[in-house]
Amino acid sequence: MRPSHGFAAFAIALVILGAPRAWGQSLANGGFEDPVTTDGPPFVGSWEAFTSGGGALAGNSTSTPRSGAKALSLSIDSVDSAFAGVFQDVANLTPGTPVTFSGFHTTPSAPLDLGVEIRIEWRNSTTNVEVGRTPNLTTPPTGQYSPFSLSSTVPAGANSARVVYAVQTFGPEPSNTGTVFVDDVSFVPEPSAGLLVLGGLGLASLRRRRTL
C-alpha cells in the first residue's frame with residue numbers, strides 16, 4: 001500500500017521538527033571547562049583569548065562558575081584604553097539564517113568600571129575577509145549571573161561567524177578596573193522559515209485526517 005500524502009507530509013514534519021539538534025549549539029567549550037588558547041588559527045572549535053597587554057587578563061577561572069568547575073574570567077586593572085576578551089569562529093553558515101549568541105555573565109566588582117562588548121563579526125572563510133558585524137551589545141553584568149542575548153541574521157557574502165565577548169576601558173571610567181565572569185555560552189542557528197512551514201503543513205495534514 002502506498003503511503004497517503006498526509007502520512008508523507010507527517011513523516012517530513014517529523015524529520016524537520018525532530019532535527020533541531022542539527023541546528024543547535026554550534027560552539028565548542030561553551031562552559032569554558034577547557035582552557036582558552038592564544039595559539040592563533042584555526043579559530044573553529046576553541047576559544048582564542050586576546051588582550052592589550054599588562055593589566056588586562058583573559059583566562060579560565062574556578063572562582064565563580066555558573067555551572068561546572070570553571071568560567072571565563074576577563075579583567076582589567078587600572079589601565080586606560082585596555083581590552084581583554086575571547087572569540088570563536090562558527091563555520092558553514094548560510095546567508096539568511098537567523099542566529100542567537102547568548103550566555104550568562106556576572107561581576108564581583110562594585111562598581112564595575114569598564115565597558116562590555118558582545119558582538120558577532122560576519123566573515124567569508126574563503127577570502128578570510130570580514131563582511132560586516134553587529135552593533136556591540138553593551139548590557140553590563142550584575143552581581144549575580146544574568147543572561148545576555150544577541151540575535152541577528154547571517155548576511156549575504158558571509159559563511160562564518162566570529163562571536164566575541166570582550167571588556168574594555170576606552171570610555172570615561174575613572175579607575176578603569178573590573179572583573180567579569182562569563183559562562184554557559186551558546187550560538188544557535190535556527191531552522192529556516194521554509195522548513196518550519198513545511199513541518200507545520202505536515203502536522204496540519206495529520207490533524208485533518210484525524211478529523212475526517
### Message
Checking the structure you have, find out if any residue of the range 111-125 is modelled with pLDDT under 95 and either under 21 Å from VAL36 (Cβ atoms) or surrounded by fewer than 16 Cβ atoms within 10 Å (Cβ to Cβ) (or both).
### Response
yes
### Task
Collect the residues in the range 173-187 that are over 15 Å from ASP77 (Cα atoms) and either in contact with a helix residue (DSSP H, G or I) (Cβ under 7 Å, 6 or more places away or on another chain) or not hydrophobic (A, V, I, L, M, F, W, C) (or both), keeping them in residue-number order.
ASP183, ASP184, SER186
### Task
Could you tell me whether the range 67-83 includes any residue that is crowded, with 19+ Cβ neighbours inside 10 Å, assigned to a strand (DSSP E or B) and of a type in the set (Lys, Arg)?
no
#### Entry: In the range 140-178, the residues that are β-branched (Val, Ile, Thr) and either modelled with pLDDT under 95 or touching a Pro at 6+ places or on another chain (Cβ under 6 Å) (or both)
THR153, VAL154
### Task
Starting from the range 65-93, take each residue that is more than 28 Å from ALA158 (Cα to Cα) and list its partners that are among the charged types (D, E, K, R) and assigned to a loop (DSSP other than H, G, I, E, B), counting only C-beta distances under 8 angstrom and pairs at least six apart or across chains.
GLY68/GLU33; ALA69/GLU33; LYS70/GLU33
#### Entry: Residues satisfying the stated conditions in the range 127-155, i.e. in contact with a strand residue (DSSP E or B) (Cβ under 8 Å, 6 or more places away or on another chain) and in a loop (DSSP other than H, G, I, E, B)
THR134, PRO135, ASN136, THR138, THR139, PRO140, PRO141, GLY143, GLN144, TYR145, VAL154, PRO155
### Message
Suppose we filter the range 51-66 for residues that are among the aliphatic types (A, V, I, L, M) and either farther than 20 Å from THR37 by Cβ or surrounded by fewer than 21 Cβ atoms within 10 Å (Cβ to Cβ) (or both); how many remain?
### Response
1
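The values are calculated or read from the model by the stated rules, or taken from the named source; none is laboratory data. The structure displayed is predicted, hence computed values, not measured ones. No Cβ is skipped: glycine too gets one built from the backbone with ideal geometry, and neighbour counts run over all protein chains shown.
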